[in-house]
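The values are calculated or read from the model by the stated rules, or taken from the named source; none is laboratory data. From a predicted model like this one, the values you see are computed outputs, not experimental measurements. Cβ sites come from the backbone with ideal geometry, for glycine too, and all protein chains shown count toward neighbours. Remember, those area values only see protein heavy atoms, side chains included, never the ligands or the DNA or RNA. Shrake-Rupley method; radii C 1.70, N 1.55, O 1.52, S 1.80 Å.
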Amino acid sequence: MSQTITPDRAILLSRLRELGDVGRDTEGALTRLAASDSDKQGRDRLVAWLRQAGLEVRIDRIGNVFGLWQVASTIPPLMMGSHIDTVINAGIYDGCYGVLSALSVIEAMRAAGVTPDRSVIVAAFTNEEGVRYAPDMMGSLVYAGGLDTGEALATVGLDGTVLGDELKRIGYAGDMEPGAIVPSAFIEAHVEQGPVLEAEGRLMGAVADLQGISWQKITVHGVANHAGTTPTRLRTDAGLAAAKVVTFLRRLVDNSDGVATVGTMKFYPNAINVIPDKAEFTVDLRDPDEASLQAAETALAAYLQALEQSDGVRIEAERLARFEPVVFDDKIVGMIEQAARARGLSCRRMTSGAGHDAQMMARLCPTAMIFVPSRDGISHNPLEHTDDASLIAGAQVLLDVALGIMAGGWGKG
Ligand code: HGY
Ligand code: MN
Ligand code: MN
């Protein structure tokens, strides 16, 4: 165990807060959607820190940012990281903690004169949140070969922009081929974003697996009509049909391990005295079990069909993202548990409810995640918070695991 080497607490915490202020609007809400101006500002800040740390900065064609500590070695690099794009009105820890703790680990190693047996890389993947451009985890999905780069760059966003054009506009359309560097291992530190660790009084999570994700966009077509003159029995109300789907989904998951979320909904023409002739909304289904997730998708499709009959509406469903559950590398998960316990930190194995870049990197190399507790389990919300001691402890465990991977000759082939 590395008794002497510890990440610089003050620098990690101040960078988290500094990056957390990049992209705040006049009301103080933090939003750094992928490839937006505020994402550019965040990326520029990160690149400056990477350069200050003496790392070589590379950008790949999907805009993923890498800081490389290059070491001559036949062993593939160790990569750590996450993302710095955010949802709308976000907290400051989701993603950024994983990137900045990885940077703090590299800086601590270099300051301690560590001679790594391989290159060490910090990664910040493009568009992990998928709010502006679907699917989520897009940059790491492309990096891991799960989505063609050209197809990803051609993605049209909610605002009608094209991702590739936006990456060019913000100066992050790089030339490195995604996937060019296949790591010997990838580790992502992240805030839990859920209630488990805090509820159990645990300080660290060794993430053993991650649940499956299904995103769809549903469009319901009805008939616009006068809100006052149209008798109920003569209505073809797209808004009512959409509302029925929302309550159906809640009933569907009530007695299951899965969850369902309708996070966006738009009515057209969106006027107080017009029966909506169109409703557009998204459905986010998650389940740790693939068969249950498929069953939920099938039940939803059947319900939509029945709704077309009962309500006389026409319904279209478009798939936006679909990722099966992922199991992380058992050995690295074990190393995380060991490192936590060696530091006297209570730790438990757990499933990630959220999607992460690690689930994509697991397609490329042995991968695992470290969770630190989220206060009240809140995330994707400005109230998102993790106490300083946990943030530092998680970075310490990341450092210890990174050193352990190298000391153990992991990936030597
Ligand atoms: O959707 C997710 O779980 C992640 O925050 N992108
Ligand atoms: Mn995240
Ligand atoms: Mn997130």
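When you go through Ser140, Ser104 one by one, which is the residue that is within 13 Å of ligand 1 (Cβ to nearest atom), in a helix (DSSP H, G or I) and open to solvent by less than 10 Å² (accessible area, probe 1.4 Å)?
Residue meeting the stated conditions: Ser140.
With the condition kept exactly as written, say whether any residue in the range 178-192 is touching a Gly at 6+ places or on another chain (Cβ under 9 Å), away from ligand 2 (no atom under 16 Å from the Cβ), outside any helix (DSSP H, G or I) and open to solvent by 40 Å² or more (accessible area, probe 1.4 Å).
Checked against the condition, which is being touching a Gly at 6+ places or on another chain (Cβ under 9 Å), away from ligand 2 (no atom under 16 Å from the Cβ), outside any helix (DSSP H, G or I) and open to solvent by 40 Å² or more (accessible area, probe 1.4 Å), the range 178-192 yields no hits at all.
Restricting the search to the range 145-162, which residues are closer than 20 Å to Ala362 by Cβ, touching a helix residue (DSSP H, G or I) at 6+ places or on another chain (Cβ under 8 Å) and surrounded by fewer than 19 Cβ atoms within 10 Å (Cβ to Cβ)?
Gly146, Asp148, Thr149
So, of the residues in the range 95-120 that are within 22 Å of Arg24 (Cα to Cα) and in contact with a Ser or Thr (Cβ under 6 Å, 6 or more places away or on another chain), which turns out to be farthest from ligand 3 (Cβ to nearest atom)?
Taking the candidates together, the pick is Val99.
Checking the condition free of Cβ contacts under 8 Å to residues at least 40 places away in the same chain and not assigned by TED's automatic domain parsing to the domain that holds Arg348, which residue from Thr232, Thr236 passes?
On inspection, the qualifying residue turns out to be Thr232.
State whether one or more residues within the range 214-225 are within 22 Å of the chain's Cα centre (by Cα) and under 30 Å from Val401 (Cα atoms).
no
Does Ala339 fit the bill of being open to solvent by less than 20 Å² (accessible area, probe 1.4 Å), over 28 Å from Gly179 (Cα atoms) and part of a helix (DSSP H, G or I)?
Spelling it out, Ala339 is indeed open to solvent by less than 20 Å² (accessible area, probe 1.4 Å), over 28 Å from Gly179 (Cα atoms) and part of a helix (DSSP H, G or I).
Return the pairs, sorted by first residue and then second, in which the second residue is modelled with pLDDT under 95 and open to solvent by 10 Å² or more (accessible area, probe 1.4 Å), the first residue lies in the range 353-377 and is farther than 19 Å from Gly394 by Cβ, the beta carbons are less than 9 Å apart, and the residues are 6+ apart or on different chains.
Cys365/Gly411; Pro366/Trp410; Pro366/Gly411
Got a number for residues in the range 357-398 being part of a loop (DSSP other than H, G, I, E, B) and in contact with a strand residue (DSSP E or B) (Cβ under 6 Å, 6 or more places away or on another chain)?
Looking only at that region, the number is 5.
Taking the range 107-137 only, how many residues are within 14 Å of ligand 2 (Cβ to nearest atom) and either open to solvent by 30 Å² or more (accessible area, probe 1.4 Å) or of a type in the set (D, E, K, R) (or both)?
Residues meeting the conditions: 4.
For residues that are surrounded by fewer than 22 Cβ atoms within 10 Å (Cβ to Cβ) and among the acidic types (Asp, Glu), scanning just the range 385-410, find the one that is nearest to ligand 1 (Cβ to nearest atom).
Asp387
Residue check, Ser82 against (1) under 22 Å from Asp8 (Cβ atoms); (2) of a type in the set (Gly, Ala, Ser); (3) open to solvent by 20 Å² or more (accessible area, probe 1.4 Å), all met but one. Which one?
That leaves (3) as the condition not met.
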